[in-house]
2 protein chains.
Amino acid sequence: MTSSTCKTCDSNSCSAQNIRANESQQDFLDRQMLMQRMCKIKNKILVLSGKGGVGKSTVAVNLAMALALKGKKVGLLDADIHGPSIPKLLNLESAKISVSNNTIFPIIYDNILKVMSIGFFLENRDDAVIWRGPRKFGLIKQFLKDVDWGELDYLIFDLPPGTGDEPLSICQLIEKPDGAVIVTTPQSIAISDVRKSVNFCRELDLPILGVIENMSGFICPKCGELTYIFSHGGAKKMAEEMKIPFLGEIPLDPNIVKKCDSGNPFISQNNNSHASIAFNNIIQLIIKK
Amino acid sequence: MTSSTCKTCDSNSCSAQNIRANESQQDFLDRQMLMQRMCKIKNKILVLSGKGGVGKSTVAVNLAMALALKGKKVGLLDADIHGPSIPKLLNLESAKISVSNNTIFPIIYDNILKVMSIGFFLENRDDAVIWRGPRKFGLIKQFLKDVDWGELDYLIFDLPPGTGDEPLSICQLIEKPDGAVIVTTPQSIAISDVRKSVNFCRELDLPILGVIENMSGFICPKCGELTYIFSHGGAKKMAEEMKIPFLGEIPLDPNIVKKCDSGNPFISQNNNSHASIAFNNIIQLIIKK
């Protein structure tokens, strides 16, 4: 049995200290390194969705920026290996990564937000990442182990949709994430998938900070008519049924799409649109938790 | 070297006939069984998307139903292990699967469509399928090998979004799918992901039947104002750039969402809405190819 004290937290109870059964020496050293990085991060929040295309990455970017704008030290990790959106959402597609002595340095966005994404490592923006589980697991481990996040108040993880390899790997690797925010759209088919995310969190003992209903109604810019294109209220009802907090609704707003497509976080734009107010209210609830 | 003639196509050139290097006897027998099933299916079409939530399953269901309504023999395989949508989209959530002598019998929808989904095997609709790659591969192989599709004109595969394990496994297992239909939404971030799907198809020598732009504009039901909530025209431009066929645009329509949520294919409803006409035109183009 190899034993050591965590160099960062100087604690005997840190789970990095002892080698586990069936763990190789290299796996132990990797895990120790990873735990030492993670020890310096106060809050690790996962942004999840049962289904893709519900605005999960938009929520992750805006949550991270809202925290950073409040003066918190924040990191944002894009763990969506097959569809990394963060470089585009923050207009960082041409950013170059710096690596030194097996340490990967995150990109600093707007002087306040540390960002890491597999998108930064793809030679061509159109490359398909056709990888199987074990290779993906290795990359996620490297992200967590080798990225020099430094001391952070918050690390926000933008996970791929579903309940597959990546969210499972991250939960196993960082051992104790502080909580998950689940994003959904209102229609019944999306709610059905989000129930699976709730059960995924419960199986992994991951606290659920709450659920957000995105794309919740559209106000016609000409006549002001409100249409619930994707239905309405499904997430709130599901949250009540499953006894998890409901954080609020964000309406469909073409301005959110425009901001995303031009690589600007929506939250940093000072405006009084329904969507902006809704977004800010939700983020306040998450921060308070 | 074990050798055999395909029992179904009675051909020496069928790739089921010879055991491959490094292939176990069981893997060989499984592959032979699988090829014998696949031999009976004239056209295997994959419905793909680079990003989730773009309406891929809706397109798959309606494409399958449109073909079936034209008198074709059609099967629909829901290969989205983490978020199987087909049982809900066809109101088959309480359907019971029948298994006999290692043969799984598909559910018959509306007397004309054979349907298989992992959703039928989940005890609870809210269960999360927290599986890693190898286990997923095994299930997909079983679907292809053990499901008694019989003779079909078309088998439509509804794949999970992205370029990961499931689409890769299916392409490897069935060896030569006839083509892929790629579904996207118009915003730049979705188009960026769909380029990856195009390259995924090219790397795997999978012919691309074309790309569909879904959620392409919303007409206010009160004043008729057209708003491009998710932007417009991105898919057509991308298709031209990447030299793939553009199949058409489907507008955002709350009626499509309502039909989906109530488990009815949109295509079987006789109506003259913009969305219905657009859908029919696209399906004609796919069938002609």
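The values are calculated or read from the model by the stated rules, or taken from the named source; none is laboratory data. None of the values given here were measured: they were computed from a predicted structure. Methodologically, a virtual Cβ is constructed for each residue, glycine included, from the backbone with ideal geometry; neighbour enumeration extends over all protein chains shown. Surface areas here come from the heavy atoms of the whole protein model, side chains and all, with no ligands, DNA or RNA. Shrake-Rupley method; radii C 1.70, N 1.55, O 1.52, S 1.80 Å.
Data table
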{"item": "Among (1) open to solvent by less than 10 Å² (accessible area, probe 1.4 Å); (2) in a loop (DSSP other than H, G, I, E, B); (3) free of Cβ contacts under 8 Å to residues at least 60 places away in the same chain, the one test that A:D205 misses", "result": "(1)"}
{"item": "Single residue of B:G217, B:G263, B:G224 found to be assigned to a loop (DSSP other than H, G, I, E, B), within 13 Å of chain A (Cβ to nearest Cβ), on the phi > 0 side of the Ramachandran plot and in contact (Cβ under 8 Å) with a residue 24 or more places away in the chain", "result": "B:G263"}
{"item": "Leading residue by the ranking (most open to solvent (accessible area, probe 1.4 Å)) among those in the range B:95-118 that are in a strand (DSSP E or B) and within 17 Å of B:K42 (Cβ to Cβ)", "result": "B:K114"}
{"item": "Per-region count, the range A:71-94, residues more than 12 Å from chain B (Cβ to nearest Cβ), open to solvent by 10 Å² or more (accessible area, probe 1.4 Å) and modelled with pLDDT of 90 or more", "result": "4"}
{"item": "Single residue of the range B:231-260 satisfying the filter (at positive phi, over 19 Å from the mean Cα position of the chain (by Cα) and of a type outside the set (S, T, N, Q)) that is least open to solvent (accessible area, probe 1.4 Å)", "result": "B:G233"}
{"item": "Residues of the range B:56-70 classified as over 17 Å from B:I41 (Cβ atoms) and modelled with pLDDT of 90 or more, total", "result": "7"}
{"item": "Residue in the range B:148-171 that is open to solvent by 10 Å² or more (accessible area, probe 1.4 Å), under 22 Å from B:I208 (Cα atoms), at pLDDT 75 or above and in contact with a Ser or Thr (Cβ under 7 Å, 6 or more places away or on another chain) present", "result": "yes"}
{"item": "Residue under evaluation B:I244, criteria (1) within 10 Å of chain A (Cβ to nearest Cβ); (2) in contact with a Gly (Cβ under 7 Å, 6 or more places away or on another chain); (3) more than 22 Å from B:V61 (Cβ to Cβ), criterion not met", "result": "(1)"}
{"item": "Residue list for the range A:248-260, restricted to those being among the aliphatic types (A, V, I, L, M) and either facing chain B (nearest Cβ under 10 Å) or more than 13 Å from A:T185 (Cα to Cα) (or both)", "result": "A:L252, A:I256, A:V257"}
{"item": "Selection status of B:V211, closer than 21 Å to B:Q284 by Cα and without any contact (Cβ under 8 Å) to a residue 60 or more places away in the chain", "result": "yes"}
{"item": "Which numbered condition B:A190 misses (of (1) at the interface with another protein chain (Cβ under 10 Å from one of its Cβ atoms); (2) in contact with a Lys or Arg (Cβ under 7 Å, 6 or more places away or on another chain); (3) open to solvent by 20 Å² or more (accessible area, probe 1.4 Å))", "result": "(3)"}
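Rundown of residues vs (1) assigned to a strand (DSSP E or B); (2) closer than 23 Å to A:Q284 by Cα, yes/no style:
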residue	(1), (2)
A:M38	no, no
A:K44	yes, yes
A:S57	no, yes
A:A60	no, yes
A:L63	no, yes
A:A68	no, yes
A:K72	no, yes
A:G83	no, no
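Residue-wise test of (1) farther than 30 Å from B:H82 by Cα; (2) within 14 Å of chain B (Cβ to nearest Cβ); (3) touching a helix residue (DSSP H, G or I) at 6+ places or on another chain (Cβ under 9 Å).
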{"position": "A:K44", "(1), (2), (3)": "no, no, yes"}
{"position": "A:G55", "(1), (2), (3)": "no, yes, yes"}
{"position": "A:V59", "(1), (2), (3)": "no, yes, yes"}
{"position": "A:L63", "(1), (2), (3)": "no, no, yes"}
{"position": "A:L69", "(1), (2), (3)": "yes, no, yes"}
